[in-house]
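Single-structure report; data block below.
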Amino acid sequence: KALQPHLRQRTEYIGSYARDSFSMSFTFLMAAPFVTLAVGQASTSSCLLQKGFGNQDGQGNHQHHAFQSESWLRFEDLSLAEEQRALLMAGRLKPQGQEPAAAFVDVNPSLKLLPPFIDHKPEEAFNEFNARKNLVRTDHLRNTKGCVAYAAGIATDSRFEEELANSGCEVHAFDCTVDERAPSVHAKHFIFHKWCLGTSTLDNAERLTDSTRYAKDDADSYEFKTLQATMAELGHSSLDLLKFDIEGFEWALFKDSLLSSPHLPLQLSFELHTAGARPNFVPEDNVKDKRRKEVNDLFLNLFDKGYRVVSKEINQGDFHCAEFVLVNVDVAKAEHKTA
């Protein structure tokens, strides 16, 4: 009985292709190894931007099949989603346990996808030195518009941003603690902006200066801009992806910008930090009151905005942190109608 939702998903997945031609069936069989190969060459961006599998017409034009368009949306299980929402509601009233990653115990995938619809099979742990993100493939959306991605929090590692830009996406990277001449951002294919996403306050700047290993200058040298102000300045009305790893500042980003934004990104990829996270990376004031209840409240708000958890991976170097990928099913359905 417990396997029925999974089996139903796989049956729908296979059955939808049994009606296609032999050529498409062969393509389906080759899909997973092809994705694996692509990951080795452009691993971080393959699932967001990789060209869909399909046939060509007589003029050599690519014919898109359901495989690379709306088919992953057919796996939306409303009962599963509501079950996960109920789990969040119930868990917010319970005390946080002492087990590792206890703050995230109630957060589980509410939209279950498998490769090749996502980059890799969701796991309960991730390697913090691995640049791969478990994004949902949305390449069909590029039929009518270009891909635009924002990435906040670069520090010394911009592999994700560079590979995403190399695959054809317009990528903007933000980090007020990184010098424009730093190897991680200089002469790259993405566009770097020396400001941090968030509310511009002296308190934010002082937290950077006093509490993290990244900041080395005076507090007044760090510039913050809200997500709305940044999108307006850069001339963007929508985002395919917002990725951020900003050491506890994500809580303010959610509260002050993201949850109130009229333009919700299609996908979110972020690391969430909670109370007890390593203080040499995460300012204690950013997370000192962020526990199970606050985590559940955040994901309830995101759920009600249309976001579904696709991937949850606990940071094995710090159990108080976890990486998540969410996709907005409402935005996806609206954009597919216009694709």
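The values are calculated or read from the model by the stated rules, or taken from the named source; none is laboratory data. Everything numeric in this text was worked out from a predicted model, so none of it was measured. FYI the Cβ positions are ideal-geometry reconstructions off the backbone, even for glycines, and counts take in every protein chain you see. Accessible surface is based on the protein model in full, side chains and every heavy atom, while ligands, DNA and RNA are left aside. Shrake-Rupley method; radii C 1.70, N 1.55, O 1.52, S 1.80 Å.
If you go through the range 173-194 and keep only what is surrounded by fewer than 21 Cβ atoms within 10 Å (Cβ to Cβ), within 17 Å of Lys225 (Cβ to Cβ) and either touching a Gly at 6+ places or on another chain (Cβ under 6 Å) or charged (D, E, K, R) (or both), you end up with Glu180, Lys194. Among the residues of the range 280-294, is any open to solvent by 10 Å² or more (accessible area, probe 1.4 Å) and within 30 Å of Ser71 (Cα to Cα)? Within the range 280-294, not a single residue is open to solvent by 10 Å² or more (accessible area, probe 1.4 Å) and within 30 Å of Ser71 (Cα to Cα). Would you say Phe104 is modelled with pLDDT under 90 and among the hydrophobic types (A, V, I, L, M, F, W, C)? Judged against the criteria, Phe104 is not a match. When you scan the range 152-172, do you find a residue that is at pLDDT below 85, surrounded by fewer than 17 Cβ atoms within 10 Å (Cβ to Cβ) and in a helix (DSSP H, G or I), even just one? Among the residues of the range 152-172, not one is at pLDDT below 85, surrounded by fewer than 17 Cβ atoms within 10 Å (Cβ to Cβ) and in a helix (DSSP H, G or I), which makes the answer no. Can you spot a residue in the range 325-335 that is closer than 24 Å to Lys225 by Cα, open to solvent by 10 Å² or more (accessible area, probe 1.4 Å) and touching a strand residue (DSSP E or B) at 6+ places or on another chain (Cβ under 7 Å)? Checking the range 325-335: not a single residue is closer than 24 Å to Lys225 by Cα, open to solvent by 10 Å² or more (accessible area, probe 1.4 Å) and touching a strand residue (DSSP E or B) at 6+ places or on another chain (Cβ under 7 Å).
Restricting attention to the range 229-246, the residues that are buried (at least 19 other Cβ atoms within 10 Å of the Cβ) and under 21 Å from Leu135 (Cα atoms) add up to 8.
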